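Worksheet: the structure to be examined is printed underneath.
The values are calculated or read from the model by the stated rules, or taken from the named source; none is laboratory data. Just so we're clear, the structure is a prediction, and the values are computed from it rather than from any experiment. We place every Cβ from the backbone using ideal geometry, glycine too, and count neighbours over all the protein chains shown.
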Amino acid sequence: MDQDINRYIYNSVSDYKVVTCNASKVSSDVFPKMLSKVKFEPKKYNLVLVKPNLCGMYHPQLQLLECTLKYFEPLAKRIVIGETDSMGHTPEKQFRRLGIWNLIKKFKGKVEAVNLMKDEILNLEVPSPHAIDHLPIPNLVHDCDLLVNISKVGTHSRTMLTCALKNLFGLLAEKNKYGVYHPLGVDKVIADLAKIVRCDLNIVDARDRVIVGLDPLSVDIFACKFVNLDPLQVGYLELVSQDRNLKLNEIMNQIKIIKI
């Protein structure tokens, strides 16, 4: 398959809006309002790919995933919840353990849970790479009309922060991610991923808050406050900013926080 590189490169937004709401208030009624506030414009989709962090350390609330599925069910012909193997887990194990199999039964065949390692794997070229010039990405990422990124904010021994951009690591079609990519510098690999994978919608479980935004960089910057981190100390946030020909502190100053 020919690479449609324009589909992968994230087109940064000029309006850095982030919406946040008390987690206890997020429902099928409130969730659409949050998306509207960040100017998300829904349409009809053939395929929506939802990427929750299931095989990593921090798993988002099942309620967030359910709200996402309910929102897109009338809009999409097909919805796929996708994840790849990690050293400690397989997606199939996590689908069962975290209640994903039971959740998708509510949608009567409209939603699938898929191990993306079993998909066709594309060897995508990274333009001007920081760490590696090609990365293995499942074809469903290429084929989807919309990529929804659902993460839970937390701290990480290598990158300090794990949130929306770090969740892209779970799209790498490699079980031994630690052995293959950590020696290259995780911050650099995340920045390379951000060049070839575009997240259209980012949803974050921030403990007692939920964060929504179109731009994963803005979402991650705001999420730092929930784990007492200074965004300027997170290496991959600086690298992704540089790749947009911007300084991280410039983006920090442009973010508009909307509370519901």
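Below, the figures for the structure above:
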quantity: Boolean, residue 104 is assigned to a strand (DSSP E or B), surrounded by 14 or more Cβ atoms within 10 Å (Cβ to Cβ) and either modelled with pLDDT under 95 or not small (Gly, Ala, Ser) (or both); calculated: no
quantity: Scope segment 79-101; condition acidic (Asp, Glu), farther than 28 Å from residue 43 by Cβ and outside any helix (DSSP H, G or I); matching residues; calculated: 85
quantity: Residues satisfying the stated conditions in segment 175-192, i.e. free of Cβ contacts under 8 Å to residues at least 60 places away in the same chain, of a type in the set (A, V, I, L, M, F, W, C) and surrounded by 19 or more Cβ atoms within 10 Å (Cβ to Cβ); calculated: 186, 189, 190
quantity: Qualifying residue in segment 205-225 (condition: within 25 Å of residue 131 (Cβ to Cβ), touching a strand residue (DSSP E or B) at 6+ places or on another chain (Cβ under 7 Å), at pLDDT below 95 and charged (D, E, K, R)); calculated: no
quantity: Test: residue in segment 68-78 that is basic (Lys, Arg), in a helix (DSSP H, G or I) and either under 17 Å from residue 166 (Cα atoms) or without any contact (Cβ under 8 Å) to a residue 60 or more places away in the chain (or both); calculated: yes
quantity: Residue identified as over 17 Å from residue 209 (Cβ atoms) and in contact with a Cys (Cβ under 6 Å, 6 or more places away or on another chain) among 83, 73, 41, 66; calculated: 83
quantity: Those strands (runs of 3 or more DSSP E) lying entirely in segment 124-192 with at least 2 residues touching a Leu at 6+ places or on another chain (Cβ under 9 Å) and of a type outside the set (Ser, Thr, Tyr); calculated: 134-138, 146-152, 160-162
quantity: Selection count where residues are more than 16 Å from the chain's Cα centre (by Cα) and either among the basic types (Lys, Arg) or in a loop (DSSP other than H, G, I, E, B) (or both), scope segment 40-67; calculated: 4
quantity: The lone exception for residue 87 - which of (1) within 30 Å of residue 226 (Cα to Cα); (2) crowded, with 16+ Cβ neighbours inside 10 Å; (3) aliphatic (A, V, I, L, M) it fails; calculated: (2)
quantity: Complete set of residues in segment 1-29 that are of a type in the set (Val, Ile, Thr) and modelled with pLDDT under 95; calculated: 5, 9, 13, 26
quantity: Of residues in segment 107-119 being in contact (Cβ under 8 Å) with a residue 40 or more places away in the chain and assigned to a helix (DSSP H, G or I), the one farthest from residue 177 (Cα to Cα); calculated: 116
